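What follows is a short report on a single structure.
The values are calculated or read from the model by the stated rules, or taken from the named source; none is laboratory data. Everything quoted here is computed from the prediction, not taken from an experiment. Heads up, the Cβs are rebuilt from the backbone with ideal geometry, glycines too, and the neighbour counts pull from every protein chain shown. In case anyone asks, the SASA skips ligands and DNA or RNA and just uses the protein heavy atoms, side chains included. Shrake-Rupley method; radii C 1.70, N 1.55, O 1.52, S 1.80 Å.
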Amino acid sequence: MGLITQQTMRIFEQYRSDEPVEILDWTTNLTFETIGRIGFGYEFNLLTDRNQEQNPFIEAMGYCLKQAIQRVQ
């Protein structure tokens, strides 16, 4: 967990103090990275660079969650 925290802090240090941060996106990345590493020993590499491309698995999970919400509504 300490390594994940350090990587998250490095990402946020890349932002200027007046620059907006998409907290929902970053908390999603942090959550999946934590679950992947601790639960399954797999790194999604979501916390290496703020401009990196989204992992295809994360995109697929986002799509599935949106579909589930739409169907419930």
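Under the rule a/c < 1.5 gives rounded, and otherwise a/b versus b/c splits prolate from oblate, where does the chain land using the Cα gyration tensor?
In terms of gyration-tensor shape, oblate.
How many percent of the accessible area of the chain is carbon or sulfur, using a 1.4 Å probe?
57 percent
Does anything in the stretch 56-73 have its amide N under 17 Å from the 7 Å Cα→Cβ label point of Asp25, and if so which residues?
Backbone N within reach: 56-63.
Just to be sure I follow the definition: excluding the sites themselves, where is the longest run in the chain that has none of the GluC sites (Glu not before Pro) in a DSSP loop with at most 10 other Cβ atoms within 10 Å?
The longest such stretch corresponds to 23-52.
Normalising by the residue count of the chain, find the relative contact order in percent from Cα pairs under 8 Å and 6+ residues apart.
So the answer I get is 29 percent.
Can you send over the solvent-accessible area of Val72, 1.4 Å probe, protein chains only, in Å² to the nearest 10?
Taking all protein chains as shown, Val72 has close to 130 Å².
Please identify every one of the trypsin sites (Lys or Arg not before Pro) in the chain that sits in a loop by DSSP and has no more than 16 other beta carbons within 10 Å of its own beta carbon.
Passing sites in the chain are Arg16, Arg50.
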